[in-house]
Amino acid sequence: MESYDRVHDLREKYDEMYREMQALRGKELLKKNVHDLFLVSNVQIPHKFKLPNFEKYKETSSPKDHLTMYVRKMSTYANDHQVLIHYFQDSLASAALKWYMNMDRAEI
């Protein structure tokens with residue numbers, strides 16, 4: 001019984017160290033400050049801005065139809081490209097969102 005308790009304690013210590021190492025590894029991989037994460041630098045969100053409800057884009061729908069719907073719902077901000085780009089991610093889901101989030105800022 002004593003060896004079982006010892007193995008159990010070692011397992012708990014191992015699990016704790018593993019979680020700490022994973023957390024540290026994540027910090028090393030990111031190595032970015034908050035400004036590096038912005039899609040659009042210096043975006044000015046209009047006062048009392050309320051994002052319209054969007055049907056999220058899924059791979060089964062037409063990208064052209066989705067973009068048309070997005071632009072029409074955001075028509076008030078048609079001349080504010082920074083706002084349009086900043087909120088576009090909120091109209092995406094699943095693989096489309098992952099693709100967009102992994103794009104380089106210069107490509108957007």
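Please treat every number below as a calculation from the coordinates, not as lab data. This one's a predicted model, so the numbers in the text were calculated from it and none came from an experiment. Neighbour counts are summed over all protein chains in view; Cβ atoms, including those assigned to glycine, are modelled from backbone coordinates with ideal geometry.
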Karplus 3J(HN,Hα) series, Hz, for the stretch 61-73 with 6.51 cos²θ - 1.76 cosθ + 1.60 (x for Gly, Pro): 9, 7, x, 5, 4, 5, 4, 4, 4, 4, 5, 5, 6
Please identify the longest segment of the chain free of exposed chymotrypsin sites (Phe, Trp or Tyr not before Pro), where exposed means a DSSP state other than H, G, I, E or B and no more than 16 other Cβ atoms within 10 Å. 50-108
Would you report the distance distribution of C-alpha pairs in the chain as whole percents per 10 angstrom bin, up to the bin with the largest distance? 11, 29, 23, 14, 11, 8, 3, 0
Any idea how far apart residue 73 and residue 39 come out in nm if each label point goes 7 Å out from Cα toward Cβ? 1.3 nm
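At most 13 other Cβ atoms within 10 Å plus a DSSP loop assignment makes a site exposed; report the longest stretch of the chain without any exposed GluC sites (Glu not before Pro).
Working: sites that count: 55, 59.
The segment 1-54 is the longest one with no such site.
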Principal-axis tilt of helix 2-30 within the chain, Cα atoms, nearest 10 degrees: 30 degrees
Give a residue-ordered list of calculated ³J(HN,Hα) values for the stretch 46-59 (Karplus: 6.51 cos²θ - 1.76 cosθ + 1.60, θ = phi - 60°; whole Hz; x for Gly, Pro). x, 4, 6, 5, 10, 6, x, 6, 10, 7, 5, 6, 10, 4
So who's got an amide H within less than 5 Å of the one on residue 57, skipping anything under 5 residues away but keeping other chains? H placed 1.01 Å off N, in plane. 92, 93
From the phi angles alone, apply the Karplus equation (6.51, -1.76, 1.60; θ = phi - 60°) to the stretch 83-89 and give each ³J(HN,Hα) in whole Hz, x where the residue is Gly or Pro. 5, 4, 5, 4, 9, 4, 4
What's the FRET efficiency of residue 104 with residue 18 using the Cβ-Cβ distance as r and R₀ = 30 Å, to the nearest 0.05? 0.40
